[in-house]
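Here the structure is laid out as structure tokens; the discussion comes afterwards.
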Amino acid sequence: MPDATALSRRGLLALSLASIAGGARAQGAWPTQPVRLIIPSAPGGPTDLMARVISPGLSARLGQSMLVVNRAGAGGNIGVVAAKTAPADGYTLLIASTGFVVNVSLYREPGYDAFKDFLPITELGSSPNVIMAHPSSGIASVKQLIDKAKADKDKLNVINPGQGSTPHLTAELLQIHAGIGIENIPYNGAGPAIAALVAGTTPVGITALPPALPHVKSGALRALAITGERRWPDLPDIPTMQESGYPDLVSETFQGMYAPSGTPSAIVERVARETLEVLKDAEVLAKLRAAGFDVRAAGPAGLARRVAKEVPMWRDVIVRSKMELQ
């Protein structure tokens, strides 16, 4: 007859196996409750727009609500850290723009590591930035913008969506390439920045294209140039910065989806798979393209490559422009 110790060991083994099986069943049943999509910026910006376009399709495919949660502040760091510190159980995901890869070089203590603290799920899309002027400014071209900046005794105020955003860095690059001085005015997201520009608070602004596109089309704002490699199909008369005399000034904003490190690989793979299917949907594609996005469904490996490329690229821009670390 087995002794008490042997029985105890067998009991512990049985309990462990039951626990493992239960955990596997729980993971396999994911999701059993709503999933939060943290957006580290204010409503109305490109990342917020992307999340709200794809979340209904994800909800349908996963069988649970996708809750879009805006956590703006500190150039996006507040929202990113909130996602990083959430339980790694698949119920909190992050959709972030290029600021995610910029801030690790721009801030002394961003609060996260872009490589260690998150798992890439998929790249979602990208868009060029657009340089705009309020119609009352009298500025109708990049040349006129440069001439005004050089002529003004005071630095020309230029709105951007936030410290470390690609529009902010585009303005820094413009100063280097054009030899001008401007005063960058960071806002807490593209939505508030565009609202201020439409109101005429400042004469010039730079944001990603998606939130600005309706205002450019309506005539509320005047687009001076697109920062992509080619003209945007919906704005065929707006030149690129390359066409405007600045061949090295190309920048875009991209959106990626991430999970906190430690999230089970099966969940990451499923979210990636379902998201890629959503991005194939004709209606979703049409909405995103009409909004100013170039859809780039790249999966975990594609997003990992993009992060690995962009972190050092933007670090170099920050060093060249002699930006003060935050």
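The values are calculated or read from the model by the stated rules, or taken from the named source; none is laboratory data. The shown structure was predicted, so the numbers you read here are calculated from the model rather than taken from an experiment. Cβ placement follows ideal geometry from the backbone for every residue including glycine, while neighbour counts extend to all protein chains displayed. The area values use the complete protein model at the heavy-atom level, side chains included, leaving out ligands, DNA and RNA. Shrake-Rupley method; radii C 1.70, N 1.55, O 1.52, S 1.80 Å.
Considering segment 31-61, and only residues there that are in a helix (DSSP H, G or I) and surrounded by fewer than 19 Cβ atoms within 10 Å (Cβ to Cβ), the residue that is nearest to the chain's Cα centre (by Cα) turns out to be Arg52. Considering segment 250-278, the residues that are modelled with pLDDT under 95 and outside any strand (DSSP E or B) include one that is farthest from Arg306 (Cα to Cα), namely Val250.
So, Ile238, is that one in contact with a Lys or Arg (Cβ under 8 Å, 6 or more places away or on another chain), modelled with pLDDT of 90 or more and not in a helix (DSSP H, G or I) or not?
On the way: in contact with a Lys or Arg (Cβ under 8 Å, 6 or more places away or on another chain): yes; modelled with pLDDT of 90 or more: yes; not in a helix (DSSP H, G or I): yes.
When the stated conditions are applied, Ile238 passes them.
Each row is one residue, and each column tells you yes or no for (1) modelled with pLDDT of 90 or more; (2) over 21 Å from the mean Cα position of the chain (by Cα).
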residue: Lys153; (1), (2): no, yes
residue: Asn160; (1), (2): yes, no
residue: Gly179; (1), (2): no, yes
residue: Gly189; (1), (2): no, no
residue: Ile194; (1), (2): yes, no
residue: Ala199; (1), (2): yes, yes
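For the subset of segment 92-129 comprising residues that are farther than 19 Å from Pro260 by Cβ and polar (S, T, N, Q), which member is nearest to the chain's Cα centre (by Cα)? The residue in question is Thr98.
Looking at Val295, Val271 in this structure, which one is farther than 30 Å from Asp234 by Cα, within 20 Å of the chain's Cα centre (by Cα), open to solvent by less than 30 Å² (accessible area, probe 1.4 Å) and not charged (D, E, K, R)? Steps first, answer last, please.
On the way: Val295 fails: farther than 30 Å from Asp234 by Cα.
Testing whether each residue is farther than 30 Å from Asp234 by Cα, within 20 Å of the chain's Cα centre (by Cα), open to solvent by less than 30 Å² (accessible area, probe 1.4 Å) and not charged (D, E, K, R) leaves just Val271.
Within segment 240-252, being under 22 Å from Gly99 (Cα atoms) and open to solvent by 10 Å² or more (accessible area, probe 1.4 Å) holds for Asp248, Val250, Glu252. Checking each residue of segment 211-226 against the condition of being modelled with pLDDT of 90 or more, under 23 Å from Ile39 (Cα atoms) and either in contact with a strand residue (DSSP E or B) (Cβ under 7 Å, 6 or more places away or on another chain) or of a type in the set (D, E, K, R) (or both) gives at least one match. Going by the conditions given, is Thr122 out of contact with any His (no Cβ under 8 Å at 6 or more places or on another chain) and under 30 Å from Thr92 (Cβ atoms)? It is true that Thr122 is out of contact with any His (no Cβ under 8 Å at 6 or more places or on another chain) and under 30 Å from Thr92 (Cβ atoms).
Could you please find all residues in segment 64-104 being of a type in the set (A, V, I, L, M, F, W, C), open to solvent by 10 Å² or more (accessible area, probe 1.4 Å) and either assigned to a helix (DSSP H, G or I) or under 21 Å from Leu49 (Cα atoms) (or both)? I'd like the intermediate steps shown before the answer.
Our first condition is that a residue be of a type in the set (A, V, I, L, M, F, W, C); within segment 64-104, this holds for 66-69, 72, 74, 78, 80-83, 86, 88, 93-96, 100-102, 104.
From what is left, the residues that are open to solvent by 10 Å² or more (accessible area, probe 1.4 Å) are 66-69, 72, 74, 78, 81-82, 86, 88, 104.
Residues satisfying the conditions are Met66, Leu67, Val68, Val69, Ala72, Ala74, Ile78, Val81, Ala82, Val104.
Out of (1) part of a helix (DSSP H, G or I); (2) more than 27 Å from Gln163 (Cβ to Cβ), what's the single condition that is false for Ala297? Checking Ala297 against (1) part of a helix (DSSP H, G or I); (2) more than 27 Å from Gln163 (Cβ to Cβ), the one that fails is (1). None of Arg315, Arg289 is assigned to a helix (DSSP H, G or I), open to solvent by 60 Å² or more (accessible area, probe 1.4 Å), over 30 Å from Ile176 (Cα atoms) and of a type outside the set (S, T, N, Q) except Arg289.
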